[in-house]
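The values are calculated or read from the model by the stated rules, or taken from the named source; none is laboratory data. Bear in mind the structure is a predicted one, so any value in this text is a computation, not a measurement. Glycine also receives a Cβ, built like all others from the backbone with ideal geometry; neighbour counts cover every protein chain displayed. Note: areas computed on protein heavy atoms with side chains; ligands, DNA, RNA excluded. Shrake-Rupley method; radii C 1.70, N 1.55, O 1.52, S 1.80 Å.
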Amino acid sequence: MNFEPIGVIHSAFDEKFGIPRQPGLTPSLNATIEILPPFASPEAVRGLEQASHIWLIFLFSATAEQGWKPLVRPPRLGGNRRLGVFASRSPFRPNPIGLSPVQLTGIRQQGDSILLDVVGADLLDGTPILDIKPYLPYADSIPEAHFALAEKIETLELPIHWSEQAEQAVNEQSQLKNQPLATQIEELLRCDPRPAYQRDPEREYGVSLHQLNIRFRISETAIEVLRITVAARPL
């Protein structure tokens, strides 16, 4: 079986580290699905504007070459408990395919491409999109469904402290990029991007968002945004 991607996503996530582990946790972050020729036909998306949400079927392209593992250590369980790959959402799968529901906010045509504006995507910039399907509430939402290992969304409800440099930088970059960066950074850090096996309150971490390097620290009492700098572009 050979699959040809129908398009690619353009998102603010410049690297794997720091991407929320599930969709919908950063509602202030927008992304764009670019449907490419020969699939970029207005007829191919006719009627999709009636959908408030869509499913994205995508390829875990950044980890695909690493192969699959029958047992994985989900971060949700602290990274210490092994589960079967089919009981997890690990990217290290026999077929490295992911599935995410996102909110559809607009459909545009630009040159030879069709652009879908979406909210809530948890995909690395440049991820290949294999297919798009409308989200059907009557069929796709199952209120009585449960999974004992992950019953609810868990985010860090801690105060966020900004250093003077970080606060000045986020205000400047928000205007330059025309993005609500402070809100986006807070949503991202409340998802706790730290590796599950590292909980040193003195350790400094960094995530890349909108090509900005955001240095932070998390303790039991607060989230600290330490510095924000423009990431160096590769030569």
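For the stretch 7-140, a crude dipole built from +1 on the beta carbon of Lys and Arg and -1 on the beta carbon of Asp and Glu, taken about the Cα centre, is about 880 debye to the nearest 20.
When you restrict to C-alpha pairs under 8 Å that are six or more residues apart and normalise by the size of the chain, the relative contact order lands at 27 percent.
The length gained by stretching the chain between Phe147 and Leu83 to full extension, at 0.36 nm per residue less their Cα-Cα distance, is 21.7 nm.
Solvent exposure of the chain amounts to 59 Å² per residue of accessible area, where only protein heavy atoms count and the probe is 1.4 Å. Radius of gyration (Cα atoms) of the stretch 79-173, expressed as a multiple of 2.2 N^0.38 Å: 1.52. Using the alpha carbons alone, the radius of gyration of the stretch 7-140 stands to its Kirkwood radius in an Rg to Rh ratio of 0.99.
Shape verdict for the stretch 100-235, please, from the Cα gyration tensor: rounded (a/c under 1.5), prolate (a/b greater than b/c) or oblate. Write out the running numbers ahead of the final one.
Values: a/c = 2.21, a/b = 1.24, b/c = 1.79.
Oblate is the answer for the stretch 100-235, as a/c is 1.5 or above yet b/c matches or exceeds a/b.
Accessible area of the stretch 7-140 with a 1.4 Å probe: how many percent of it is carbon plus sulfur?
Details: 3830 of 7170 Å².
Taking all protein chains in place, the stretch 7-140 shows 53 percent carbon and sulfur surface.
Using alpha-carbon pairs under 8 Å, 6+ residues apart, how would you state the relative contact order of the stretch 7-140 in percent? Each step should come with its number before you reach the end.
Details: 276 pairs, mean separation 56.8, N = 134.
That works out to 42 percent.
If you sort the three axes of the alpha carbon gyration tensor as a ≥ b ≥ c, you get a/c of 1.5 or more for the chain and a/b no higher than b/c, which makes it oblate. Could you check which residue among Pro38, Pro101, Pro193 shows the biggest mean-square fluctuation in a GNM of the chain with a 10 Å Cα cutoff? Its mean-square fluctuation being the largest, the pick is Pro38. When the chain is treated as a Gaussian network with alpha carbon springs shorter than 10 Å, the biggest mean-square fluctuation among Pro27, Pro128, Pro159 belongs to Pro159.
Which value, to two decimals, describes the C-alpha radius of gyration of the stretch 114-158 once divided by 2.2 N^0.38 Å?
For the stretch 114-158, the normalised Cα radius of gyration comes out at 1.61.
Just to confirm my numbers, what's the Cα centroid distance between the stretch 81-139 and the stretch 8-50 in Å? When both Cα centres are located, 7 Å separates them.
When the chain is treated as a Gaussian network with alpha carbon springs shorter than 10 Å, the biggest mean-square fluctuation among Phe13, Phe60, Phe39 belongs to Phe39.
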